[in-house]
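The values are calculated or read from the model by the stated rules, or taken from the named source; none is laboratory data. Just so you know, these numbers come straight off a predicted model, no measurement behind them. Using ideal geometry, Cβ is built from the backbone for each residue, glycine included, and neighbour counts are taken over all protein chains shown.
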Amino acid sequence: MQPYLTPTFEETIRNTFGAEGDRWLANLAALLDEYSVRWQLELLPPPWELSYNYVVPARRADGSNAVLKLGVPNEERTSETAALRVYAGRGCAALLEADAEHGAILLEQLEPGDTLAPMAEENDARATSIAAAVMRELWQPVPDSHEFISVAKWGQGFQRLHAAFEDGYGPFPAYLVDAAERLFADLVASMAEAVVLHGDLHHYNILRAQRQPWLAIDPKGVTGEAVYEVGALLRNPYPYAVSWPNLKQVQGRRVDQLADELGFDRQRIVGWAIAQAVLAGWWTYEDNAPHGGDPTPWLHLATVFSSLAGA
């Protein structure tokens, strides 16, 4: 089967994975043929925009619908598969088949599949409650033997940020980076018991489903304290989470609501939100090398979260 590739998707794969991405793109048609035979699938054209993975609807031999997800084999693909196995369909799309070594997974298709994002525009408090409920279902104890990385490793992004620029900061405000880096280190050092986190749980990764009203997709699969999870939610749905005219009030209400519904310390929520927003800005810049993506929206959010500290 010939893949439906767009210039943007190909550029993203090449920018992110380099020569390995080139080889994967060249072999993608063969991979689609291989897994359609191995897992007895009828593959359909992707109806959604592709980013870092080739994701297509599929029909299984028994007539049920599924989703085939192929990606360049890497640590993130391995940890996603491991997280899906730990979750076993609790709060998340179920894993049906997997070849983690080669970056291939087959997933339950969530139908109707619309995201939580539109609800956040209409009734953000309700959307926040739904996301909190999904979080509570997802978190599972860390297995004794596992391949997950810790959120502490994600903090190494600060080191890469400093190394990327002659002055150590480039377009990133030094005061904001320093504050976020200190917060991240302090929060990691004082973390509560670790659980298996989704790692990127936001409105576009929570879909309406039939088996349960709402289920998550695309877990990163990392370990850390549960309160870490709220950072991605607070930065979304993008761009609305950045552009609301009463942004400080909305984010303050969200922080209070999450603290109440999940039993988290408000200041830890705010601390993680600040640190992760600056890291998100760096990841945006880093992922769009060599020219760098625009970190401005995430840095703006970091300043908004900073204004909530101690409030």
All conditions in (1) more than 23 Å from residue 151 (Cα to Cα); (2) of a type in the set (Val, Ile, Thr); (3) surrounded by 23 or more Cβ atoms within 10 Å (Cβ to Cβ) are true of residue 250 except (3)
Within region 245-267, residues under 22 Å from the mean Cα position of the chain (by Cα) and not in a helix (DSSP H, G or I) come out as 264
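With 163, 152, 133, 127 as the choices, which residue is crowded, with 20+ Cβ neighbours inside 10 Å, in the same structural domain as residue 173 (by TED's automatic domain parsing) and out of contact with any strand residue (DSSP E or B) (no Cβ under 7 Å at 6 or more places or on another chain)?
After ruling out the rest, the residue left standing is 127.
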Of the listed residues (57, 45), the one being part of a loop (DSSP other than H, G, I, E, B) and farther than 26 Å from residue 285 by Cβ is 45
Based on what the data block shows, is residue 207 outside the structural domain of residue 55 (by TED's automatic domain parsing), part of a strand (DSSP E or B) and either touching a residue at least 12 places away in the same chain (Cβ under 8 Å) or out of contact with any Gly (no Cβ under 6 Å at 6 or more places or on another chain) (or both)? yes
When (1) assigned to a helix (DSSP H, G or I); (2) outside the structural domain of residue 97 (by TED's automatic domain parsing) are applied to residue 19, the one that fails is (2)
Picking from 93, 88, 58, 100, the residue that is closer than 22 Å to residue 200 by Cβ, among the hydrophobic types (A, V, I, L, M, F, W, C) and buried (at least 20 other Cβ atoms within 10 Å of the Cβ) would be 93
When you look at residue 90, is it within 21 Å of the chain's Cα centre (by Cα), within 29 Å of residue 283 (Cβ to Cβ), charged (D, E, K, R) and not assigned by TED's automatic domain parsing to the domain that holds residue 197, yes or no?
yes
